[in-house]
Each structure stands twice: as C-alpha cells, then as structure tokens.
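Since the structure comes first, as structure tokens, the remarks are kept for the end.
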Amino acid sequence: MRNILIPGGAGFIGSNFVRYLLARYPDYRVVVFDKLTYAGNLDNLRDIETNPRYAFIRGDICDAPAVERAVRAHAIDTVVNFAAETHVDRSIMDADAFIRTDVYGTYVLLEAAKKFGLRYHHVGTDEVYGWVAEGSSRETDRLLPRSPYAASKAGADLLIHAYVVTHKVAATITRGANNIGPYQYPEKVVPLFITNALDNLPLPLYGDGRQQRDYQFVLDHCEAIDLVLHRGSIGQVYNVGTGQETCNIDMARAILRLLGKPESLIQYVPDRPGHDRRYSLDVTKLRGLGWEPEHTFAEALEKTVRWYVENEWWWRKLKSGEYLEYYRKQYLERR
Ligand code: NAD
Ligand code: TYD
C-alpha cells in the first residue's frame with residue numbers, strides 16, 4: 001500500500017482521515033478525488049495543501065473515465081471511499097443525488113477496483129440497520145434502512161458484498177456511528193447547534209428530543225478505518241462506535257452548558273419523517289482487532305465545541321447562500 005485514492009477527501013471525515021494518514025505513514029501518497037459539492041471544502045485541507053505527498057483532483061465518482069484516469073496517473077493501489085451524499089434531511093427532500101453518488105458511484109469505484117486489482121475500503125454507516133429498539137446491531141444483522149440516505153448506503157454495502165463474492169474484489173466495510181469533531185458541515189446536528197448557540201439562535205430539536213445516537217470523535221473513527229484497512233479480513237464488515245448512547249436533548253443541553261448559553265435557546269420543532277429513534281452498535285468484532293475509542297462523549301463534545309469557538313473563520317462563511325436556502329426550507333417552511 002503506497003498510493004491511496006480518497007474519494008470524498010474534502011468532506012468532514014475524509015479530510016480528517018487524509019491529515020491522519022499523512023502524519024501516520026511517512027511513505028504514503030494521498031490523492032483526494034472530490035466533486036466539491038456543497039459539503040466539499042478545500043479549506044478542510046488547507047493546512048496540508050503544500051505537502052508533497054498530497055494531490056487533489058476535482059472529479060465525480062460517477063464518472064468512470066475520470067476515476068480510471070486518476071488511478072492510472074497516480075499508480076493508485078488502494079481506495080478508501082468517503083464520497084457520498086450524507087445528510088438524512090436532504091435525502092428526504094430529494095434523494096436523486098444520493099442514489100447516484102452513494103449507489104452508482106460505489107459501483108464505478110468497484111469496477112475500477114476489479115479492473116486494476118485495487119484494495120477497496122468503504123466508509124459505511126450504522127444507519128443501514130435502521131431503528132434499533134432493543135439491544136445492539138451486529139455486522140450479521142439484516143439491513144433495514146428507513147431513510148433514502150440509509151437505503152442508498154445499504155445499496156452500496158450490498159454491491160460491495162456482491163463484488164467480493166463474484167469478482168474477488170479485496171474490499172472491507174466499516175459501519176460508523178455518528179461522528180463529531182473539526183470540519184463538520186453545520187447542517188449536522190452538533191455543529192448546527194454549536195454555531196446557532198454562538199449566534200444566540202434557536203437550537204431546533206426534532207420531536208421529543210429523546211432520540212439516541214452514539215456520537216464518536218472523528219479521529220477515533222479514522223483510527224478504526226486505518227486498522228481495518230491494514231488488519232481487517234477481506235470481505236468483512238466492522239462496526240465502529242463507542243457503545244455509549246446519548247439523547248439529543250442531553251447533547252443539546254451539554255453544548256449550551258459548555259458555551260454558557262441558556263436552555264431557553266432549545267426550540268422543539270416538528271419531527272423528521274421516519275426518524276430513527278435509536279442506533280446502537282455492537283463493536284465486539286472491532287475490539288477483537290485491538291481497537292478502543294480514545295474519547296468519551298463528554299471529551300469528544302468538549303474538543304468539538306472548542307474547535308468551533310476557535311475556528312469561526314471556517315464556519316462563518318458556510319452559513320450563507322445555499323446553506324440559508326436549505327435552512328429556510330428545512331426549518332422555517334416546515335413549521
Ligand atoms: P460530508 O458530507 O462531509 O462529505 C462528503 C464528501 O464527498 C464531500 O467532500 C463531497 O464533495 C464529496 N462528494 C459527494 N458526492 C461526490 C461525488 N459524486 N464524487 C466525488 N465526491 C463526492 O460527509 P462525511 O460526514 O465526511 O461522511 C463521509 C462518509 O462517512 C460518507 O460515506 C458517510 O456516509 C459516512 N459516515 C458519516 C458519518 C457521520 O456522522 N458524518 C457516520 C458514519 C458514516
Ligand atoms: P444528524 O446530525 O442529522 O445525524 P443522523 O444521520 O444520525 O440523523 O442528526 C442527529 C440527531 O439529531 C438525529 O436524531 C436528528 C436530530 N436532529 C435534531 O434534533 N435537529 C436538527 O436540526 C438536526 C439536523 C438533527
């Protein structure tokens with residue numbers, strides 16, 4: 001493994017992974033391949049853009065010739081795919097781009113992996129299991145996605161399984177719980193609540209706020225992906241999470257406490273249609289590879305809040321244009 005293609009490397013988790021990989025492996029070359037959708041942002045990679053082991057290509061994973069050109073030009077041997085449409089609420093408004101990128105785009109990358117004999121790692125999500133009323137999801141559980149986003153991610157997971165079985169593509173999948181940390185686009189709940197609170201704007205909490213998520217620190221997730229990439233068994237799926245669940249209302253209160261803001265900023269708004277009330281992962285299999293998350297939820301949240309407080313240059317300009325249009329549709333017109 002030397003020359004690694006990172007589709008979606010200009011997004012939140014991808015950019016954290018690129019930075020992590022360059023620091024951890026002094027002999028690896030990293031090529032980010034990213035369409036730069038509303039969620040892709042070269043500011044996320046600003047601090048490494050002059051690194052001689054880093055290159056950037058603007059491209060779409062649905063564009064097979066562009067993917068092949070990138071693989072040939074950089075003698076790529078490994079793909080770690082982060083490229084996806086990722087926001088559940090947007091998938092409810094319009095699922096078109098989700099099906100294209102998350103399903104068809106994965107197919108294009110799998111074809112390239114087959115043709116060039118590449119190692120392929122796919123960054124998947126716990127949302128493919130659907131709402132887990134009791135217990136925790138294991139990798140062998142059936143997939144029951146309930147949002148268009150989750151269904152498109154499940155489609156990718158199934159395609160990967162088929163390419164492993166039929167074409168012997170050397171693929172692995174991680175299914176991660178919710179990530180928080182630096183460079184997360186402020187549509188996702190934690191950066192949305194932090195940046196709204198900083199501006200004394202309401203924190204729109206869906207439904208009763210009792211939904212549960214396992215919020216993990218993005219660098220813990222990156223370490224797990226690295227571990228599976230290097231030590232995981234081909235064809236296998238690994239859940240990645242802390243196993244610690246938090247209610248949204250408690251997460252909102254914790255953010256306000258950290259920022260010294262009043263709880264009166266919490267505003268209950270209509271629930272998300274088909275809202276998955278709980279995700280929960282059994283991470284025994286990953287622990288078997290020797291992985292433990294470094295951060296508790298409280299530590300992860302504290303670091304995340306501090307980063308947004310200290311990096312207004314990064315998020316302030318994102319909260320304009322297309323973002324405000326989306327915000328209006330999602331939060332003001334749905335009341
Ligand atoms: P993000 O929305 O921040 O970034 C996605 C990136 O993909 C952007 O840079 C975007 O420009 C790029 N992209 C989108 N369509 C593309 C296309 N057709 N071709 C090339 N690039 C394209 O997403 P994220 O939160 O960093 O998530 C990364 C991956 O991790 C996704 O696959 C997501 O499903 C998965 N995941 C995310 C979370 C989470 O909490 N954020 C949890 C588990 C799994
Ligand atoms: P989100 O960050 O969209 O991630 P997920 O893909 O897990 O839904 O939302 C996390 C949780 O926060 C989820 O239960 C929905 C809830 N939520 C709100 O209450 N208000 C909001 O404005 C958003 C975006 C999410």
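The values are calculated or read from the model by the stated rules, or taken from the named source; none is laboratory data. Since this is a predicted model, take the numbers as computed values, not measurements. Cβ placement follows ideal geometry from the backbone for every residue including glycine, while neighbour counts extend to all protein chains displayed. Remember, those area values only see protein heavy atoms, side chains included, never the ligands or the DNA or RNA. Shrake-Rupley method; radii C 1.70, N 1.55, O 1.52, S 1.80 Å.
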- Query: What single numbered condition from (1) more than 9 Å from ligand 1 (Cβ to nearest atom); (2) farther than 23 Å from His221 by Cα; (3) not basic (Lys, Arg) fails to hold for Gly59?
  - Reply: (1)
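Go through the range 298-335 and count every residue that is farther than 16 Å from Tyr183 by Cα and either in a helix (DSSP H, G or I) or in contact (Cβ under 8 Å) with a residue 24 or more places away in the chain (or both).
Kept after step one, since they are farther than 16 Å from Tyr183 by Cα, are these residues of the range 298-335: 298-299, 320-322, 324-335.
From what's left, either in a helix (DSSP H, G or I) or in contact (Cβ under 8 Å) with a residue 24 or more places away in the chain (or both): 298-299, 322, 324-332, 334-335.
Looking only at that region, the number is 14.
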- Message: When the residues of the range 19-52 are narrowed to those that are open to solvent by 40 Å² or more (accessible area, probe 1.4 Å) and of a type in the set (Asp, Glu), which ends up farthest from Leu5 (Cα to Cα)?
- Response: Asp47
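When you check Ala112 against the structure, is it under 24 Å from Leu21 (Cα atoms), open to solvent by less than 20 Å² (accessible area, probe 1.4 Å) and more than 11 Å from ligand 1 (Cβ to nearest atom), yes or no?
Working: under 24 Å from Leu21 (Cα atoms): yes; open to solvent by less than 20 Å² (accessible area, probe 1.4 Å): yes; more than 11 Å from ligand 1 (Cβ to nearest atom): yes.
Yes.
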- Message: When you scan the range 60-70, do you find a residue that is touching a Gly at 6+ places or on another chain (Cβ under 9 Å), within 16 Å of ligand 2 (Cβ to nearest atom) and either assigned to a loop (DSSP other than H, G, I, E, B) or open to solvent by 10 Å² or more (accessible area, probe 1.4 Å) (or both), even just one?
- Response: no
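Looking at the range 190-203, is at least one residue within 8 Å of ligand 2 (Cβ to nearest atom), among the β-branched types (Val, Ile, Thr) and either open to solvent by 10 Å² or more (accessible area, probe 1.4 Å) or on the phi > 0 side of the Ramachandran plot (or both)?
No, that holds for no residue.
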- Message: Quick check on my filter: what residues within the range 81-106 are under 16 Å from the mean Cα position of the chain (by Cα), within 15 Å of ligand 2 (Cβ to nearest atom), not in a loop (DSSP other than H, G, I, E, B) and not aromatic (Phe, Trp, Tyr)?
- Response: Val88, Asp89, Arg90, Ser91, Asp102
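Could you list, in sequence order, all residues of the range 293-322 that are of a type in the set (Ser, Thr, Tyr) and surrounded by fewer than 16 Cβ atoms within 10 Å (Cβ to Cβ)? So that I can check it myself, show each step before the final result.
The first filter runs over the range 293-322 and keeps only residues of a type in the set (Ser, Thr, Tyr), leaving 296, 304, 308, 320.
Selection gives Thr296, Ser320.
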- Message: Looking only at the range 248-287, count every residue that is open to solvent by 10 Å² or more (accessible area, probe 1.4 Å) and part of a helix (DSSP H, G or I) and tell me the total.
- Response: 13
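If I ask for residues that are within 12 Å of ligand 2 (Cβ to nearest atom) and open to solvent by 50 Å² or more (accessible area, probe 1.4 Å), which ones from the range 204-230 would you list? Explain how you work it out, then say what you get.
To start, the set of residues in the range 204-230 that are within 12 Å of ligand 2 (Cβ to nearest atom) comprises 204-216.
The answer is Asp208, Arg210, Gln212.
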